[in-house]
Amino acid sequence: MYSLPTLTALTTLVAAALATTGPCIMEDYTCNPVMDASGCYNAIILGWDGASKDPADIFKCVDPPELMCSCYGCTDGLDEVFNKNHLCPYNGTTTS
């Protein structure tokens, strides 16, 4: 059997994983435009030279921008940034 500290750690990890997994609608290809825009949002997420430092600029990577709120759970990087920065629901206030 597992020790109490091990069980506590496992429970915490599972709870965190369940709490931070965003939506990803792949069955009907809804999220394909988001997946295709990975070069755009990865530049922001990874902080590449010349890329925006504002996480909300990720919305500029797809059209319509609110699609990101239906698909940010498709990749770990997007999921982490969206949850950390509370980017959804999209409110249309990103800068252009």
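The values are calculated or read from the model by the stated rules, or taken from the named source; none is laboratory data. Bear in mind the structure is a predicted one, so any value in this text is a computation, not a measurement. Cβ atoms come from the backbone with ideal geometry, glycine included; neighbour counts cover every protein chain shown. Surface accessibility is based on the protein's heavy atoms, side chains included, excluding ligands, DNA and RNA. Shrake-Rupley method; radii C 1.70, N 1.55, O 1.52, S 1.80 Å.
Keeping all protein chains in place and using 1.4 angstrom, which order do C61, C71, C40 fall into by accessible surface area, from largest down? Write out the running numbers ahead of the final one.
Values: C61 25, C71 0, C40 60 Å².
Largest to smallest exposure gives the sequence C40, C61, C71.
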(request) Please give the peptides 46-52, 24-30 ranked by average Cβ packing (other Cβ atoms within 10 Å per residue), highest first, as a rough proxy for protection. (result) 24-30, 46-52
(request) Using the heavy atoms of the protein chains and a 1.4 angstrom probe, tell me the accessible area per residue for region 31-81 in square angstrom. (result) 49 Å²
